[in-house]
Every structure is written in C-alpha cells, then in structure tokens.
Amino acid sequence: MVSLKFISLLLALNDNIEVTLQERLAHLQQQSDGIVCIVYDSIMYKVAEVANNLKIPSVILDTSSASLSWTYAAFTRLEAKGYFPLKDSIAEDLVPGLDPLRFKDLPIFKFPHVDDLINLIKTTTDVRTSSAIIWNTTECLEQPILEKIKEHYQIPCFPIGPMHKFVKNINTSCNLLTEDRNCIKWLDNQAANSVLYVSIGSVASISEREVMEIAWGLVNSKLHFLWVIRPDSITGSDWKLVFAENLKRGIDKRGYIVEWAPQKEVLAHSAIGGFWSHCGWNSTLESICEGVPLICRPCFGDQNVNSRYVSHVWRVGIMLENELERDEIERAVRKLMVSEQGEEMRQKAMDFKLKIENSLTENGSSYQCLDDLVKFLLSL
C-alpha cells in the first residue's frame with residue numbers, strides 16, 4: 001500500500017525541483033530559439049507551474065488508465081456528498097457515477113492517511129494551464145471514459161497507447177533486475193496455451209503464508225506455470241527456504257521459477273495461456289495486447305480499478321478478492337486455463353488484441369491520435 005512516507009517523498013521531490021528546473025529551462029531558452037513545449041508526468045505537478053511562469057506550453061503525460069483518472073476526478077464530488085472518509089459498511093456498494101467500481105475498489109479505501117492521499121490526488125490531477133493530455137491507452141478499451149474526460153477537462157486528449165507497441169527493440173539494460181532468459185527455452189518445450197505466467201510486478205510483496213498458498217494452489221492445479229519471485233517479494237523470507245521438499249518436487253514437476261522475466265516476450269509466447277497479475281496498468285495492457293486473459297490479484301494503488309475493469313467491463317479475467325487459500329487458487333487457475341468460461345475470456349482477449357493491432361495501423365485510432373499529437377505540438 002502507498003505509505004505516508006511515499007507521499008512526503010513525492011511532495012518534497014516537487015518542492016525541491018521547482019527552482020532548479022526553472023533556472024535550467026530559463027537558461028535553455030536563452031541559449032536556443034526557445035522551448036516549444038514541456039511534456040511532463042502528472043505526478044510532477046510543479047513542472048506545470050514552472051512552464052506557466054516561463055510562458056512555455058505544457059502537456060500532461062498520463063501513464064495510468066483513463067479509468068483511474070476518471071475515478072480521481074470524481075473525488076471532489078464524492079467528498080462534497082460526505083462519502084469520505086470511507087466506511088466499511090459501504091465497501092460493497094457501487095460508487096455513484098463510477099459503475100462498475102465499488103467503494104472498496106477505490107485507491108483510497110482503507111488507506112491510513114486518507115486526507116493526505118486525497119489532497120495529493122487532487123494536486124496531481126489538476127490540469128492547471130496544461131494544453132493537452134497524452135494517454136497510454138487506446139479507444140477500443142476506454143472510449144466511453146475518454147469521452148467523459150474530454151468533456152470534463154475541455155482540453156485535447158490523445159490516447160496514443162499502448163506505447164510499448166509503438167517502440168520496438170527497447171534497451172532493457174535499465175531493468176531493476178536481470179531477466180532470466182532461460183525461461184523462454186523452457187516455454188519453447190510447452191504446449192500452446194498450457195502455461196500460467198505468475199508475476200506481481202516490480203514493487204508489490206506478499207507474506208510467507210500467501211506464497212505457500214499460491215505454491216500449493218499452482219501445484220494442485222496440475223497445470224504448468226512460470227512464476228516470477230523477486231528476491232524481495234516475500235516479506236521477511238527467502239522463497240528457497242520456505243518450500244518443503246514435497247512442495248519443491250511438485251514445483252519442479254510442472255513449474256519454473258525465475259527472479260525476473262522478459263515479460264513482454266513471455267506474454268507473446270504461444271505457450272502462455274493466462275497471466276496471474278497484480279494488474280498494474282503496464283502489465284494489464286501488455287497482457288491484453290497479446291490476447292492473454294488474467295487472474296487479477298491487486299495489491300494497492302490503481303490495481304483494484306484495473307482489476308475491476310478486467311473482470312467486469314472487458315471480461316477478460318477473474319478477480320481473487322478473498323484471503324488467499326490454496327483450494328480457491330486451484331479452482332481459479334483451472335477456471336481460467338481449462339474451463340469453457342476461461343476459453344471465452346481468452347477469445348475476448350484475442351478480440352481486443354486484434355482491435356489494438358488495428359488501432360496501431362495507419363488508419364487506426366492510436367495511429368491517428370499520434371499523428372494528431374505531432375501536429376498539435378508543432379502548432380504550439
């Protein structure tokens with residue numbers, strides 16, 4: 001869960017960058033013909049103030065889903081109606097105006113310092129004097145939400161995603177962990193759609209009890225799995241010391257464990273039939289882009305919102321919400337991988353894959369939005 005320490009760090013980062021950034025940009029303006037535009041991540045909100053002070057146009061780059069931003073935009077309205085602080089008694093209720101989200105799906109639910117987080121969200125989602133917003137999303141996934149956002153903010157919006165599909169041969173040397181490419185060789189020996197890929201991303205962690213339940217659930221499903229376990233992803237433990245010998249034998253029979261994997265290449269592999277994910281936006285997009293359905297196990301932040309859309313809007317996955325138990329995990333894995341319902345999700349995911357690929361072609365929506373963005377920036 002996002003901590004108060006993280007909020008303090010983000011606030012301090014913005015405060016400390018303001019003067020230095022303004023001095024540096026002013027110097028660049030003097031040394032050149034001028035700066036046409038500044039594109040900035042929405043969490044670095046002080047950049048917009050600097051740009052305005054220097055009379056430089058600014059454009060927001062939002063790397064989360066449009067659905068999350070629309071959720072944030074509703075916070076002022078929800079606060080005015082007295083919903084905050086959120087109460088456990090309304091956890092399962094649908095949020096007015098944010099269907100299909102429940103109150104428990106909001107990023108601030110059960111947050112220990114909710115006022116601080118709400119204030120931060122209000123600050124980072126204020127478009128201020130920015131001229132436009134760039135989105136890492138695509139119309140075929142979020143067109144209804146994008147239309148609402150355009151009407152709400154009254155500035156041009158450019159959904160040019162998925163961005164990772166535009167840029168080829170990205171240098172992976174900036175990865176926090178070294179990718180274990182031996183897993184690709186292992187996947188080459190597996191049947192099509194037979195392997196569940198399991199990864200909770202680069203930040204989240206789970207307890208020793210949870211990792212044991214996941215391990216037994218995967219082994220008991222009698223299906224093959226590729227499991228990413230980061231060295232720091234199990235709270236206070238080393239996974240190599242957690243598993244008993246009989247569990248290790250079960251894992252060795254059908255599973256393959258790595259500390260980090262080339263995720264986009266893994267998801268594109270023909271052997272992958274499903275993805276157990278924390279459902280950060282990048283992972284969610286990467287999975288849908290390859291036609292891979294998901295088991296959603298959100299941890300914090302935007303992940304509950306993304307998971308709810310995966311399971312209840314796009315219907316390309318199922319959501320694990322209860323305390324992790326091996327029997328429930330086994331049922332979820334088999335449901336996604338070998339049931340008729342799972343096959344329907346896989347087909348819907350494949351349909352989205354084709355739509356996304358079409359959006360990137362010359363006449364597609366994302367291609368056209370990128371072209372419009374270039375023209376817009378040149379017009380500044």
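The values are calculated or read from the model by the stated rules, or taken from the named source; none is laboratory data. Predicted model only: the values in this text are computed from it and were never measured. Reconstructed Cβ throughout: ideal geometry from the backbone, glycine too, with neighbour counts over all protein chains shown. The area values use the complete protein model at the heavy-atom level, side chains included, leaving out ligands, DNA and RNA. Shrake-Rupley method; radii C 1.70, N 1.55, O 1.52, S 1.80 Å.
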Restricting to lysines and to Cα separations under 26 Å from Lys335, and discarding same-chain partners fewer than 8 apart, the set is Lys104, Lys222, Lys248, Lys253, Lys264, Lys348, Lys353, Lys355
Checking rank on 8-16, 335-343, with mean other Cβ inside 10 Å and highest first, the result is 335-343, 8-16
For segment 25-159, the Cα gyration tensor yields equivalent-ellipsoid semi-axes (√(5λ), largest first, whole Å) of 32, 17, 11
Cα-based Rg/(2.2 N^0.38 Å) for segment 286-380, rounded to two decimals, is 1.39
Mean shadow area (nm²) of the C-alpha convex hull around the chain is 20.2
So the angle from the long Cα axis of helix 114-124 to the longest Cα principal axis of the chain, reported in degrees to the nearest 10, equals 60
With Asn282 itself left out, Lys, Arg at +1 and Asp, Glu at -1 over residues whose Cβ is under 11 Å from its Cβ give -1
Computed about the Cα centre, the charge dipole of segment 181-358 from +1 Lys/Arg and -1 Asp/Glu charges at the Cβ has a magnitude in debye, to the nearest 20, of 360
Taking every other residue with Cβ under 10 Å from the Cβ of Ala215 and scoring Lys and Arg +1, Asp and Glu -1, one gets 0
In degrees, nearest 10, the alpha-carbon axis of helix 365-379 is tilted away from the dominant principal axis of the alpha carbons of the chain by 30
Expressed in angstrom and rounded, the centroid-to-centroid distance over alpha carbons for segment 2-33 and segment 355-380 is 30
Probe 1.4 Å, heavy atoms of protein chains only: per residue, the accessible area of segment 181-358 in Å² is 42
Dimensionless Rg/Rh of segment 1-100, both radii on Cα and Rh by Kirkwood, sits at 1.11
For the chain, the percent of accessible surface on carbon and sulfur atoms (probe 1.4 angstrom, ligands and nucleic acids excluded) is 50
Check: C-alpha center segment 186-221 vs C-alpha center segment 256-317, spacing in Å is 12
Segment 25-159 accessible area per residue, 1.4 Å probe, protein heavy atoms, integer Å², reads 45
Here, segment 181-358 modelled as identical Cα point scatterers in vacuum has Debye log10 I(q)/I(0) at q = 0.15, 0.17, 0.18 Å⁻¹ of -0.79, -1.04, -1.19
